[in-house]
Amino acid sequence: MTGNPDTSLTIDTHHHILPDFFWRETNDSHVPVGGLAPLEWSKEAMSSFMDDAGIDVAVMSVSTPGVHLGDSDKARSLARRCNEFAAELVHARPDRFASFACLPLPDIDASLEELSYAVDVLKLDGLVLFTNSRGVYLGDATLEPVFEELERRQSVVFVHPNPSPDAAAHSLGLPDNLIDFPTDTNRAVAQMHYTNRFARTPNVKYIFSHAGGSIPYLAARFAIIDEMDFIPGAEQRGTAADMFRRMYWDTALSASDPVLRMLRDIVGIHQVLFGTDFPYLRRDLAVNAKQRILESSELNDSEGRGVLGGNASRLFPRLNSVDREM
């Protein structure tokens with residue numbers, strides 16, 4: 001049946017699909033990107049996890065390193081194949097799945113073509129972009145045509161970290177998903193703010209992974225930079241404090257009370273979305289992610305429902321009216 005927006009839905013906005021063809025082309029099983037081998041992915045494993053975790057809707061996305069590994073033709077082909085694969089899942093169960101389309105950045109022409117196909121033809125629900133693609137960060141001026149199109153479409157954009165292109169960042173003997181991934185999110189957010197990328201795309205709804213890396217903790221530093229006013233363009237972009245409250249931030253790998261408290265103070269709980277990072281987090285921990293939100297002493301019942309799905313339902317209105325008796 002259909003009805004009014006259902007704030008009781010649990011919507012996982014940070015939920016990866018890793019079909020075999022994507023994994024074979026982008027990862028070495030012995031040395032996976034980020035350093036952590038995910039659970040073996042399949043449609044059946046995904047549905048089983050969602051049932052066990054109490055997740056009504058998964059907003060799917062491919063994961064690191066994205067589709068562009070240096071060959072633009074292969075990147076175009078892989079993006080198309082991933083997006084059509086995701087669309088098949090969504091069209092078969094629109095009550096159960098939504099999906100972010102991937103783009104073959106930093107190839108601008110190919111990305112604009114794929115964006116149009118993924119949204120206009122496949123009817124996917126938004127885009128996944130990576131903090132950097134082949135070393136090109138999201139605030140880079142060369143990407144302006146893509147962001148102009150995202151702004152025109154008022155797109156929902158999920159930003160996921162990629163490893164830094166700087167070899168020195170990987171020389172500590174630590175997995176990238178411990179330090180480098182959060183730090184790359186910091187780099188992308190700071191560059192996008194201070195190059196006025198956010199200011200030029202006020203109608204794009206950005207979601208940042210893992211509670212924004214360390215961004216909430218760094219809010220005081222952003223405030224100092226803004227107060228000192230030595231980076232040009234301040235009149236157009238406004239303050240970082242205001243920007244934080246316009247962006248969305250997910251709870252993947254970040255759903256602890258201290259982090260939720262910081263998110264409340266810096267971004268506002270109404271901007272926080274639920275994410276599990278399936279299938280990268282150990283299954284029992286991922287299954288328990290919803291319960292951690294429900295049991296948090298930082299959230300009242302209404303706020304918990306908002307984080308678990310009500311906030312996301314504003315970004316994906318389609319999910320509020322689909323038939324849930326399929």
Subject >> Most mobile of GLY66, GLY213, GLY54 in a GNM of the chain (Cα contacts under 10 Å) >> reply: GLY54
Original post:
Where in region 132-209 are there GluC sites (Glu not before Pro) that are in a DSSP coil and have at most 11 other Cβ atoms within 10 angstrom of their Cβ?
Top reply: none
**OP:** Within 10 Å of each residue's Cβ, count the other Cβ atoms and sort TRP41, TRP249 from fewest upward.
**Re:** TRP41, TRP249
Original post:
Counting only residues 5 or more places away or on other chains, whose amide H sits under 5 Å from the amide H of MET60 once H atoms are built in the peptide plane?
Top reply: ALA98, SER99, PHE100
**OP:** Normalising by the residue count of the chain, find the relative contact order in percent from Cα pairs under 8 Å and 6+ residues apart.
**Re:** 24 percent
Original post:
Looking at PRO32, ASN177, ALA118, which one has the Cα that reaches farthest to the positive end of the dipole of the chain (charges on Cβ: Lys, Arg +1; Asp, Glu -1)?
Top reply: ALA118
Original post:
Tell me, in nm to one decimal, what length is gained between GLN191 and HIS170 on full extension, where the rule is 0.36 nm per residue of separation less the Cα-Cα distance?
Top reply: 5.5 nm
**OP:** Note down the relative contact order for region 1-146 as a percent, whole number, built from C-alpha pairs under 8 angstrom at least six residues apart.
**Re:** 22 percent
Subject >> Span-rule helices in the chain, defined as complete DSSP H runs reaching 20 Å or more along the axis (Cα) with Kyte mean at least -1.0 >> reply: 72-92, 180-194
Original post:
Where the centre of each part is set by its Cα atoms, how far does region 174-210 sit from region 225-255, in angstrom?
Top reply: 10 Å
Original post:
Roughly how many Å is it from the Cα centre of region 104-129 to that of region 13-90, as a whole number?
Top reply: 16 Å
Original post:
With each run of n ≥ 4 DSSP H residues scored as -39500 (n - 2.57), what mean residue ellipticity at 222 nm is computed for the chain after dividing by its residue count and rounding to the nearest 500 deg cm²/dmol?
Top reply: -10500 deg cm²/dmol
Original post:
In units of 2.2 N^0.38 Å, what is the alpha-carbon radius of gyration of the chain?
Top reply: 0.94
Original post:
Over region 176-275, what relative contact order in percent results from Cα pairs under 8 Å that are six or more residues apart?
Top reply: 31 percent
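Throughout, read-outs are computed from the coordinates displayed, never taken from laboratory work. Fair warning: this is a prediction, and the values are worked out from it, not measured in the lab. Note that each Cβ is placed from the backbone with ideal geometry, even for glycine, and that neighbours are counted across all protein chains shown.
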